[in-house]
1. Looking only at residues that are part of a strand (DSSP E or B) and at the interface with chain A (Cβ under 9 Å from one of its Cβ atoms) in the stretch B:46-58, which one is nearest to the chain's Cα centre (by Cα)?
2. Does residue A:316 satisfy being crowded, with 19+ Cβ neighbours inside 10 Å and either in a loop (DSSP other than H, G, I, E, B) or touching a helix residue (DSSP H, G or I) at 6+ places or on another chain (Cβ under 7 Å) (or both)?
3. So which residues in the stretch B:59-79 are assigned to a strand (DSSP E or B) and either within 14 Å of chain A (Cβ to nearest Cβ) or under 24 Å from residue B:142 (Cβ atoms) (or both), if there are any at all?
4. Read through the list (1) touching a strand residue (DSSP E or B) at 6+ places or on another chain (Cβ under 8 Å); (2) loosely packed, with under 15 Cβ neighbours inside 10 Å; (3) more than 10 Å from chain B (Cβ to nearest Cβ), then give the number of the only condition that residue A:240 fails.
5. Does at least one position in the stretch A:208-226 carry a residue that is touching a strand residue (DSSP E or B) at 6+ places or on another chain (Cβ under 8 Å), assigned to a strand (DSSP E or B), within 30 Å of residue B:92 (Cα to Cα) and more than 10 Å from chain B (Cβ to nearest Cβ)?
6. Can you tell me which condition residue B:127 does not meet? The list is (1) in contact (Cβ under 8 Å) with a residue 40 or more places away in the chain; (2) over 30 Å from residue B:77 (Cβ atoms), and all the others hold.
7. Just a yes or no: is a residue in the stretch A:91-105 within 12 Å of chain B (Cβ to nearest Cβ), outside any strand (DSSP E or B) and surrounded by fewer than 21 Cβ atoms within 10 Å (Cβ to Cβ)?
8. Could you grab me the full set of residues in the stretch B:135-147 that are crowded, with 16+ Cβ neighbours inside 10 Å and either away from every other protein chain (no Cβ under 14 Å) or more than 9 Å from residue B:59 (Cβ to Cβ) (or both)?
C-alpha cells in the first residue's frame, strides 16, 4: 500500500481541476422550460412594461389644472364623459372640465395627466365632485416604468428563478439562450457495495453516496446512474471512457489501498490531475482527465464524499454553466460555543449545530457518520492556513443545504 | 366603491387563517419517492449502522496486548494468518501472536480488539512487523456507532433532504410515512388579463403571478392551473367550489372595486375570514372558507401577491404538512445603509440589495414592479409596531429565495 505522494492544498487542487473544465455550449429554449437553467446572455425586454401609461388606482382621469384648487371644503365639479376600463380604453380625449372614470391598469385617456383616487371623489348623475388636488403624473404608471424595451430582464450567468421566469413572460420573451444542461455519468465501485440494506452480508456496505449526490446533481444536469461496478479495471475503464458525457463521477475506490482501481484506470487511459488533497474529511479526492473529459473520484466515506462534492463538484458545475451567482449565497455569522482545532496545512470541514446564535461543533463526527451531516445546521470551514478558532470567536457558517448546493 | 371595512393586523389575520387549516392525512410511500416530502412520524433505523464491528482503515487486526510494547525502534513480530476483506470476512479467530490483514469496512475477526494502520507495519513473507502500539478499539468502527436499531433517522415533521434519503437507505428503511402532497387549485381572474405579451391590447396586462407561484407551489404539492377566468361570478364560484382540492388560490380581483368579484363569491358560497390586512404591499388579501376549504385571494400587483404568498400561503402549507422545520431558515444580519420608514400600524416588506454587508432599500419599488423582487437580495420586514429603522442600524434580512419558499 502506497501513501499519497503529495497532498495538494485545497485552493491549488481546485484551480488545477477548474483549469480542465470548459464552458458548455449554449442553446435556445422556450421560457416555459427555462426554470433552473443558467442564462448564456443578458436577456432583454421585448416591450415596454407597462406598454402604455396606465392608472395605478381605481378613480378618475382628469386634467390636473382642473383640480388644482380642489379640497374637502371646496370640491371641484367635473362632468364624467366615459370610462376607461382595463381592456376597454376610452376612445376620446379628456378636455377641460371633463373626467373619465378609470380602473387600475386601464390606459390613461388622451388629454388627462393625472388620476384622482375614487376615495377622494363622489359621482352623482354624471357629475363628479373632486375633493383633492392631484398633480401631473399622480397615480399614473408611465409606459416603460418597470422595464423599457431593450433593458435587461436577467443578466447573463444567472440561474433562472420563478420570479425571473415571470418577468420574462411580462417582457414578451418567448425563448432564451441558456447553457445546456451537463450530462453527468455516476457510478460506485466496490465488490463489497450493495444498494439495499436487505442485501447486506458481513463486511458489505450500503452505498448511498451515489444516490444522495445523484439527487442533488439532477438539479443541475442530466444524470445517468450506472449503479455499482465491481472492482474490475475493465469495467471502470469502460465507464470513465463512455461517450456522451461532460463529467463522470465515481464513488469509492480512491484511497490508497491494493484494491483501489480508479487511479490505475485514469493513469492508463488519461492523466491524473489531482490525487490527495490536504483537507479533512475528503483527503483521497482524485481528479483526472480522460479523452478531454474530467473524471472526479470521490472517496467512499459518506461525509468525505459530501465534502468533496460541495468543494469540488459544485465549483466544476458552476464553471461549466458559466454561473455568475455567488455561491454559497449565505454565510451565517455566529459565535463559536466550543473551540475548534485543525492541523496546520489542512483545510477542515467542521459540522456544527446552531442554537441561539451559537455554533456547537459536532463532537462525534467521523467521516463514516452520515448522521453528522443530516443533523448539522451548517459547515464551518477552517481554511488551510488557519489552525482553529477559540470558543467565543465570531465565525461564519455555511448553511448545510447551501453547502450541498441544494438550490 | 367601498373601502375595506377594517384592516386586520398581520399576526391576527394569519392566526385567523391558520385556524381554518387542517393537517393533511399521512400516507406510506417508498423511500425512493420521498424526497421533498414531510415525515409524518419519527423514522427509525431498522438495523445497526454499521451492522458489524468493522475496520475504519486498511491495516491488520491484532490483539492489543500483543503490540503494547511495539515502537519504531522495537517492532513486534506477528504471523499473518489470513485476511478479512470487505465482503470476505476472516472465518477463524485471531489468537496471541497472530494478525489478520484487514481492509477498510471489513469485519473485525474474532479475537482481535484493535487494528494497526498499514502505514505503521511492514509485511514480509507472512511475517508482520508492527511499529506502534494500538490500544483496544483503535481504528474499529463499532456496530451501531452511526445509528442503532430503533434510533431516530429523521424526526417527524421534517422535509426529507437528499442526505435524509441516503440515511434512510443505509438504515434499511424502505418506506416512510409522510404527509400526502396537498392538491392546490390556482386561477387568475380578469377580462383584461392575458397569458402572453403577444396577446396584449391597450389596457391588457400579462398575468404572471399565477405562473410564478404555481412553479413555487409545485415544490410543495400537486398544482392544477385553471388559467385565466373572466370577470364572471358563475365561473369564479365554480372554481372556488371545485371538488378534490385542499386549497384554492386566486390571483387578482380582491381589491375593493366594482369589478372585484372574489369577495362576492366567497360571501355567497361560504364565509369571509379575512379581507384587508394592514401590510404594505399586500393589503387586499382575502381569505375565505367555502365548503370547509380555504380559499386565498391574492392581489393582482405582482409584488403584493408575492408578499402575500410568502407571508400567508407558505405558513398555510407548513401547517397542512405539519412541518416542524423553522422557516425562514436563514436571516442575514446586516447594517442598514439608508433609513427605512413604515406607517404606524402597518407591516412593511422592504426589498433590499445587500452589498458588502450593507442593506440598501430599493427606492423605486412600486407594487407593480416585479423587477424590485427579481433584483432584490432579500426582504426586511418592518413589523406592525415598528415605525422604521435608522441608517446604520443592525437589521435582519430574509434572503429572497428563502422568503419565497424556494427550498
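No value in this document is a laboratory result; all are computed from the given coordinates. What you are looking at is a predicted structure, and each value in this text was computed from that prediction instead of being measured. Ideal geometry is used to build each Cβ from the backbone, glycine not excepted, and the neighbour counts take in all protein chains shown.
1. Of all residues in the stretch B:46-58, those part of a strand (DSSP E or B) come to B:49, B:54-55.
Pick out the ones that are also at the interface with chain A (Cβ under 9 Å from one of its Cβ atoms) and you get B:49, B:54.
Details: B:49: 26, B:54: 35 Å.
Top of the filtered list is B:49.
2. Values: crowded, with 19+ Cβ neighbours inside 10 Å: yes; either in a loop (DSSP other than H, G, I, E, B) or touching a helix residue (DSSP H, G or I) at 6+ places or on another chain (Cβ under 7 Å) (or both): yes.
Spelling it out, residue A:316 is indeed crowded, with 19+ Cβ neighbours inside 10 Å and either in a loop (DSSP other than H, G, I, E, B) or touching a helix residue (DSSP H, G or I) at 6+ places or on another chain (Cβ under 7 Å) (or both).
3. Applying the first criterion (assigned to a strand (DSSP E or B)) to the stretch B:59-79 yields B:59-62, B:76-79.
Passing the criteria: B:59, B:60, B:61, B:62, B:78.
4. (2)
5. no
6. Evaluating residue B:127 over (1) in contact (Cβ under 8 Å) with a residue 40 or more places away in the chain; (2) over 30 Å from residue B:77 (Cβ atoms) leaves (2) as the failure.
7. From the stretch A:91-105, those within 12 Å of chain B (Cβ to nearest Cβ) are A:91, A:101-105; that's our starting set.
Right, trim to outside any strand (DSSP E or B) and you get A:91, A:103-105.
Restricting the remaining residues to those that are surrounded by fewer than 21 Cβ atoms within 10 Å (Cβ to Cβ) gives A:91.
So far as the stretch A:91-105 goes, yes, one or more of its residues are within 12 Å of chain B (Cβ to nearest Cβ), outside any strand (DSSP E or B) and surrounded by fewer than 21 Cβ atoms within 10 Å (Cβ to Cβ).
8. Just the residues of the stretch B:135-147 that are crowded, with 16+ Cβ neighbours inside 10 Å, to begin with: B:138-141, B:143-147.
Correct list: B:138, B:140, B:141, B:143, B:144, B:145, B:146, B:147.
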